[in-house]
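Scroll down for the structure; my scribbles are underneath it.
The values are calculated or read from the model by the stated rules, or taken from the named source; none is laboratory data. Since the structure is predicted, the reported quantities are computational estimates derived from the model, not experimental observations. Neighbour counts run over all protein chains shown; Cβ positions are idealised from the backbone, glycine included. Note: areas computed on protein heavy atoms with side chains; ligands, DNA, RNA excluded. Shrake-Rupley method; radii C 1.70, N 1.55, O 1.52, S 1.80 Å.
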Amino acid sequence: MNLFQLLQSHGLQVSPSECKFHFARSPHQKEKDLFATRVGFEHFQSYQSQKNFSRPYVISFYEYGEGLWMFAGVWRVDGEPIETSKFFQYKFSFVDSSALLERRLIVTWPNRFRNSYPNGETLNNDLQVHAVLAVPDVLGNFPGFSKVRITLTGLRILLGDPVGSLGWKTALQSVAGVYVVADAKKDKLYVGAAYGEKNLWQRWSEYAQNGHGGNEKLKQEYVERGDSVFDDYVFSLLWHADSSATQEQVQGMESFWKEALLTRGSRGYNAN
């Protein structure tokens with residue numbers, strides 16, 4: 001079944017000639033995290049360097065894997081964009097009948113000609129349905145412990161969606177470990193650890209709730225910068241072990257990484 005056949009079977013009566021596609025991708029983690037919510041994706045999509053949306057509707061996807069694209073929804077283009085010296089700003093209305101497949105439908109498209117905004121009829125028969133997930137996938141599948149890279153905004157999104165975050169929560173609850181928080185604005189690092197009853201999921205949830213996780217230097221940053229830190233802080237794992245790892249083992253690895261990354265003193269946010 002191709003894309004338009006599936007959309008029409010769900011009551012979305014939009015023809016290929018009425019549509020532009022938008023295949024969104026970004027190398028920046030904070031922009032990738034925007035894709036996880038409807039409001040965030042629409043904000044990302046609204047600002048274009050050219051007049052890319054010249055038809056009544058936009059069918060939007062974001063990159064989900066090699067050759068795979070996640071359905072973000074269908075938007076109606078509300079008039080001509082506002083032109084500024086830097087970009088064209090569009091206004092959209094979300095088409096409610098596309099909500100049932102939002103972040104559930106995955107299609108295949110190799111994108112051989114690298115066009116992110118093809119016309120609807122160009123791909124009428126090329127987009128094939130790969131899968132329809134049982135529940136919406138908020139931030140993609142858990143990427144594996146060695147590939148975790150998520151902003152504090154992304155963690156907040158996960159906390160707000162118990163169903164969509166299940167893969168992340170299950171994985172992070174199962175391990176102790178040492179993590180690094182990279183401040184993209186000030187180029188500083190903070191190394192922390194989670195062990196015992198307070199696993200990685202619980203520890204990172206504290207940061208997502210208050211912006212600093214109780215660390216005194218990060219508290220100061222939050223006082224100065226407010227909620228902007230949620231887009232500036234990026235979390236990754238440096239080392240992990242199963243939850244039976246002792247406090248001494250985890251703290252030993254935490255100390256090693258603090259020394260290796262020079263996070264104590266003025267170069268980082270670790271006080272000791």
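A simple spin-label model places the labels of E66 and Q202 3.9 nm from each other, with each point 7 Å out along Cα-to-Cβ.
Given R₀ = 35 Å, FRET efficiency for S54-L133 by Cβ-Cβ distance, to 0.05? Mind dumping the intermediate values first?
Working: r = 31 Å, r/R0 = 0.90.
Step by step, r from the Cβ atoms, then E = 0.65.
Pairs from the list K86/K217; K32/K86; K51/K185; K147/K198; K198/K258; K30/K217 with a Cα-Cα gap above 25 Å: K86/K217; K51/K185. Were the residues from V223 through A184 laid out at 0.36 nm apart, the gain over their Cα-Cα distance would be 12.3 nm.
Would you work out if region 170-272 is rounded, prolate or oblate? Take a ≥ b ≥ c from the square roots of the eigenvalues of the alpha-carbon gyration tensor; rounded if a/c is under 1.5, else prolate when a/b is larger than b/c, oblate otherwise.
It is oblate, given that a/c is not under 1.5 and a/b is not larger than b/c.
Show me the GluC sites (Glu not before Pro) within region 53-155 that DSSP assigns to loop and that have at most 12 other Cβ atoms within 10 Å of their Cβ. Don't skip to the end; give the middle numbers.
On the way: sites: E63, E66, E83, E102, E121; in loops: E66, E102.
Sites meeting the loop and neighbour criteria: E66.
If you count only protein heavy atoms with a 1.4 Å probe, what accessible area per residue comes out for region 199-272, rounded to a whole Å²?
Numbers: 3820 Å² over 74 residues.
Value returned for region 199-272: 52 Å² of accessible area per residue.
For the chain, relative contact order (Cα pairs under 8 Å, six or more residues apart, normalised by length) works out to 17 percent.
Extension gain N210-R25, at 0.36 nm per residue separation less the Cα-Cα distance, in nm?
Values: separation 185, 0.36 × 185 = 66.60 nm, distance 2.94 nm.
Additional length available on full extension: 63.7 nm.
Cβ-Cβ distance of N272 and T108, R₀ of 45 Å, FRET efficiency by 1/(1 + (r/R0)^6): the value works out to about 0.35.
Return the tail of the calculated pair distribution for region 1-79, meaning the percent of Cα-Cα pairs more than 22 Å apart.
Details: 801 of 3081 pairs.
Cα-Cα pairs in region 1-79 separated by more than 22 Å: 26 percent.
What is the antiparallel percent of DSSP beta bridges lying wholly in the chain, to the nearest 5? Write out the running numbers ahead of the final one.
Working: 43 of 51 bridges.
DSSP beta bridges in the chain are roughly 85 percent antiparallel.
If you sort the three axes of the alpha carbon gyration tensor as a ≥ b ≥ c, you get a/c of 1.5 or more for the chain and a/b above b/c, which makes it prolate.
Element breakdown for the chain at a 1.4 angstrom probe: carbon and sulfur atoms account for 49% of the accessible area.
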